[in-house]
Each structure stands twice: as structure tokens, then as C-alpha cells.
Amino acid sequence: MAGLAPSCRRGLLAGCAALALLATSARAQSGFEVQGWPAHQAAPAIAGLDAGDKPVALASLKGQALLINFWASWCEPCREEMPSLSQLAKSHAGTLRVLAVNFKESAATAQRFKESTGLDIPVLRDPDGALARAWGIRVFPSTVLVDAKGRVHSVVRGALDWNGDAAARLITPLLPSAPADAAPKPAPLRQP
């Protein structure tokens, strides 16, 4: 590069930076794997704990498709994924519910994260990690995909753009086939 004019060097560096950005974006998009839920394994009964530390029963959430996202504020891919989860919840309101289950952090830490990022999906807690273990979660973020009838389909391990084509292929089979207003409405979650 020593023999190149400064403008050529800048152009070459800009091109390299653009390629690195594309590679990073491609890695982020391909940095997930989908694992099927074992056919004969029952789903855990609890999705998470609400703001009052009361269990939120999976059975109470039937009627809409459900994404249960396990995350932590120290997890960079978790933080990067959150805006797409919020947008997904907005774009599928009435047919899909997105829950963010905070892994082993205090209620204050989870609340600060929610407030500082403007996160507008319900945040549940898993204060001791027992729920993550019950769901088989070992990678963060991980998202459990549940259909409108309450059947677990799969677990997405790693970050995903939840508004992209790959996510659409995962979500479409979960959605209720009846119009949203015909499906039973789950009770709202209490949020602070």
C-alpha cells in the first residue's frame, strides 16, 4: 500500500471495512441454529416469573403463538437482537406474543435495561437459572418457539434478525390458522 496514492489507500481501506461489515452481518445472521423440540418431551409448565415473582404458566398463554427469549444484559448478541424482537411483537400483535426472560440478574438490573433501551415487550425473570435449565437453554440468546395450541416446536440458539426471511419461515407455522379475533385471548401479563 506504500506505493498507492492516499485516495487509493482510503478507498481500499473503505472497501475492506465494507467487506468486514458484510461478513459480520452475515455471521450475525448465520450465527444461530434451530433445534427441534423432542417429540415426547413435555414443555416446562412455567415460562418465567412476572414482576411480582409469580410464575407465568405456559398454559395461560395459549391462543397466540409464543416466542420465549432467554437473555441477559451482559450478552451483546442478546442486546443486539432485542429491537428486532420488539418489532416482531408489534408487527404480529394479536397472533404472536414475545416474552423476554432475563437470566439470573436482579429485578433492578432487568428493569434498568428495559427502561434504558425502551424495550416494550414483557420482561419475565429467571432469577436462579432453573427455568433456563428446564427449557434446555445453555446458549444466550436462545428463543423457544411455541405454537398457538401451546406445543413447543423448536429452540433457536443464538441471535437472529426476527424480521428477516429466516425468522418468517420459523414463525409462520406457529401462527393460529383462525383469524386473530376468533382465537382465545391470553390474559395480559402484569408489568411494572
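Coordinate-derived values only; no laboratory data. Bear in mind that the values here come from a model prediction, so they are computed numbers and not experimental data. Note that each Cβ is placed from the backbone with ideal geometry, even for glycine, and that neighbours are counted across all protein chains shown.
Between Ala107 and Ser91, 0.36 nm times their residue separation minus their Cα-Cα distance comes to what?
Working: separation 16, 0.36 × 16 = 5.76 nm, distance 2.77 nm.
Here the segment from Ala107 to Ser91 would lengthen by 3.0 nm.
Here the Karplus relation 6.51 cos²θ - 1.76 cosθ + 1.60, evaluated at θ = phi - 60°, turns the backbone of the stretch 89-99 into coupling constants of 4, 5, 6, 10, 3, x, 10, 9, 10, 10, 10 Hz, with x for every Gly and Pro. Per-residue extension of 0.36 nm, minus the Cα-Cα distance of Ser84 and Asn163, leaves a gain of 27.8 nm for this segment. Karplus-derived 3J(HN,Hα) values for the stretch 71-82, using 6.51 cos²θ - 1.76 cosθ + 1.60 with θ = phi - 60°, are 8, 8, 5, 7, 8, 4, x, 4, 5, 5, 7, 3 Hz; glycine and proline are entered as x.
Shape verdict for the stretch 33-174, please, from the Cα gyration tensor: rounded (a/c under 1.5), prolate (a/b greater than b/c) or oblate.
On the way: a/c = 1.38, a/b = 1.15, b/c = 1.20.
In terms of gyration-tensor shape, rounded.
A simple charge model with +1 on the Cβ of Lys and Arg, -1 on the Cβ of Asp and Glu and nothing else charged puts the dipole of the stretch 109-152 at about 140 debye relative to its Cα centre.
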